[in-house]
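Here the structure is laid out as structure tokens; the discussion comes afterwards.
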Amino acid sequence: MSEDLVALLDHLHIPKASFVGWSDGAISALNIAAKHPSRVDKVFAFSANYNISGVMDTTLSPVFMTYINRTISEYSRLSPHANRYDDFLNQIMQMWKGQPNWTEPFFSTINSTNVWIVDGDHEEAVLRSQQDDMARWLPDTGQLLLPQVRLISCEAT
């Protein structure tokens with residue numbers, strides 16, 4: 001996905017951009033910051049993980065499962081290919097089984113003064129240690145823990 005974003009920047013003749021990403025979008029933003037540092041001004045990465053070992057069993061979260069059910073409904077309502085949700089979900093699940101798979105050296109090319117690592121204190125999908133590790137590996141980064149916030153904030157009660 002991040003290579004597609006860089007290709008879009010090229011197509012639009014945008015030499016450098018700031019990225020705000022949530023979950024997989026945050027992972028994409030960090031990937032661009034590491035692999036294309038000259039293209040990145042700032043990154044706000046909310047609820048990113050750097051390794052699949054840092055993902056919780058989301059099937060145990062009623063909030064996350066409510067979100068998944070909502071995506072089924074919205075996909076069928078909004079997609080021009082409403083009957084392909086299962087294909088879409090299978091592709092996402094395949095991606096989640098192996099990505100990202102980063103270690104500390106991956107972060108060495110990121111200009112950490114331009115990065116915020118952010119999460120909510122009621123996170124239901126990513127272990128908190130993931131954000132703590134990334135903040136430690138990016139010594140000049142900002143780290144923010146938002147109180148009373150979940151990954152799936154739109155479903156919070």
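The values are calculated or read from the model by the stated rules, or taken from the named source; none is laboratory data. It should be emphasised that the depicted structure is a prediction, and the values quoted were computed from it without experimental measurement. We place every Cβ from the backbone using ideal geometry, glycine too, and count neighbours over all the protein chains shown. For accessibility, only protein heavy atoms count, side chains too; no ligands or nucleic acids. Shrake-Rupley method; radii C 1.70, N 1.55, O 1.52, S 1.80 Å.
Applying the criterion of being in contact with a Gly (Cβ under 6 Å, 6 or more places away or on another chain), at pLDDT below 95 and not in a strand (DSSP E or B) to the residues of region 128-153, the residue that is least open to solvent (accessible area, probe 1.4 Å) is 149.
Looking at 29, 34, 17, can you tell me which residue is farther than 25 Å from residue 150 by Cα, within 16 Å of the chain's Cα centre (by Cα) and either surrounded by 17 or more Cβ atoms within 10 Å (Cβ to Cβ) or in contact (Cβ under 8 Å) with a residue 24 or more places away in the chain (or both)?
34
Whether any residue in region 113-125 is under 13 Å from residue 44 (Cα atoms), in a helix (DSSP H, G or I) and in contact (Cβ under 8 Å) with a residue 40 or more places away in the chain is what I want to check. Yes, region 113-125 contains a residue that is under 13 Å from residue 44 (Cα atoms), in a helix (DSSP H, G or I) and in contact (Cβ under 8 Å) with a residue 40 or more places away in the chain. Looking only at region 41-57, residues that are of a type in the set (Val, Ile, Thr) and open to solvent by less than 30 Å² (accessible area, probe 1.4 Å) come to 1 in all. For a quick check of your reading of the model, give me the residue pairs whose first member lies in region 65-80 and is under 19 Å from residue 125 (Cβ atoms) and open to solvent by 70 Å² or more (accessible area, probe 1.4 Å), whose second is assigned to a helix (DSSP H, G or I) and hydrophobic (A, V, I, L, M, F, W, C), with beta-carbon atoms closer than 9 Å and at least 6 apart or on different chains. Pairs found: 70/154; 72/89.
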